[in-house]
Each structure stands twice: as structure tokens, then as C-alpha cells.
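**Q** First, the structure itself, so that you have it in front of you.
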């Protein structure tokens, strides 16, 4: 389960403020960032008014590319990248260009392990005490990752990255995993809002009634 994020052409500023092609970087310590103020003029008629386009968010100049890979049913004892017995030259090459973390704790289940990895939190605190198909309507087990517990994919996107997910997901509520959506809780495109219990149930009922 790799989550891949490739940096956009990051620059501090481009063009003039208010132009359609203007870009800006944000303070990544605060997400979501407050929207920029409107810098144009609104008068009784369009001829005397001045438009002002909001600048597109891009990563800072020199921002690194991010590649996050997770493999199922494979511990540190498998790839030789971390001392295992199976030759993995491509993983070795990637690891040699980046950082290696050796204190990752698996939950021994796929959905919960992914949830912990992509949020940096205990899997119960983000609704994944069990795999998504076994979710219940109780705290820690409802398979809903809220915006206050957001994923690395959402954080990267809010900072101007183009983020994609390839392979097995398994962190979308089972009642929302269809071609019809809704796509609010899909891991990479997660909407930047918090879900209330009633709102989640209403969306679930809407999906079920349309299926």
C-alpha cells in the first residue's frame, strides 16, 4: 500500500497577487489555513470593479517528494533493507535515498495498521479498532477518520502537493466504498471537515437507498 506524493513546481510567489496564475505557500503548522482576504474592489458596476483571484497553494521551493510504502503480511524480518533474508534491491535503493524508521508498531490487522500509519495516531483513536468491514457504531470502531484526525495525504494536498494512492486502501467505510461514492472519507481526497454521527448516518442511508 504505497501512498505517493509528488511535489508540484513549488515557488514562493509567481506572477502578481490577484492574477489568475498567482501562487502562494502556506504556513504548514496550521491546517486548514484561513482563506486569504479579497484584495480587489467591488463597486456598483463591473467596469469600476477590480477582480482578485485567490492564489493557488503550492509547496515551498525545494520541498521534497514523499513516497510512503506499506506492504501486507511482511515484517522487518522479510526484506534485507531492514536486515531480512529476502533480497529487495529496489527497496534498498529507495531507502538509501531517504530515511529509515525502525520503530513502527504493527497492529497485526490491515485497516488498523494503515490507519495508524497514515494518521500518526493510535488506530482506535481514528475509528479503526477493527477492519472496515467489521466496523460498528461505537467510538473507536466506526471506520470514520474525521478531519481532526486527518491523513498524511490530506495534509500534503492542503500544502499544495499532488497526492495519489495506489494499491489496497481499506480505510474507507464499507458503506461508502462504491463507484457512486460519496468520496468524503476516501483516504487521499478526505474532505476537510469533521463528521457528526448523525451526518455520517444520513450519508450512509443515502448511499444504501441508491444502491
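Readers should treat all values here as calculations from the given coordinates under stated rules, not as data from a laboratory. Note that the coordinates shown come from a computational prediction; the quantities given were computed from them, not determined experimentally. For neighbour counting, all protein chains shown are included, and Cβ atoms are generated from backbone atoms with ideal geometry for every residue, glycine included.
**Q** Taking R0 as 22 Å, what's the FRET efficiency between residue 125 and residue 31 from their Cβ-Cβ distance, rounded to 0.05? Mind dumping the intermediate values first?
**A** Working: r = 18 Å, r/R0 = 0.82.
The computed FRET efficiency comes out at 0.75.
**Q** Listing 27, 72, 92, 158 from the residue with the fewest other Cβ atoms within 10 Å to the one with the most, what is the order?
**A** Working: 27 8, 72 11, 92 14, 158 17.
Least crowded to most crowded, the residues run 27, 72, 92, 158.
**Q** Take every Cα pair under 8 Å in region 10-164 that's 6+ residues apart, average their separations, divide by the length, and report that relative contact order as a whole percent.
**A** Numbers: 199 pairs, mean separation 27.3, N = 155.
For region 10-164, the relative contact order is 18 percent.
**Q** Still on this model: Roughly speaking, what is the centre-to-centre gap between region 15-67 and region 109-181 when only Cα atoms are used, to the nearest Å?
**A** Centre-to-centre (Cα) distance: 30 Å.
**Q** Hey, another quick one. Which order do 154, 24, 93, 56 fall in if you start with the one that has the fewest other Cβ atoms within 10 Å?
**A** Placing the least packed residue first, the sequence is 93, 56, 24, 154.
**Q** Which length gain, in nm to one decimal place, applies between residue 82 and residue 180 when the Cα-Cα distance is subtracted from 0.36 nm times their residue separation?
**A** Details: separation 98, 0.36 × 98 = 35.28 nm, distance 4.08 nm.
Net length gain for the segment: 31.2 nm.
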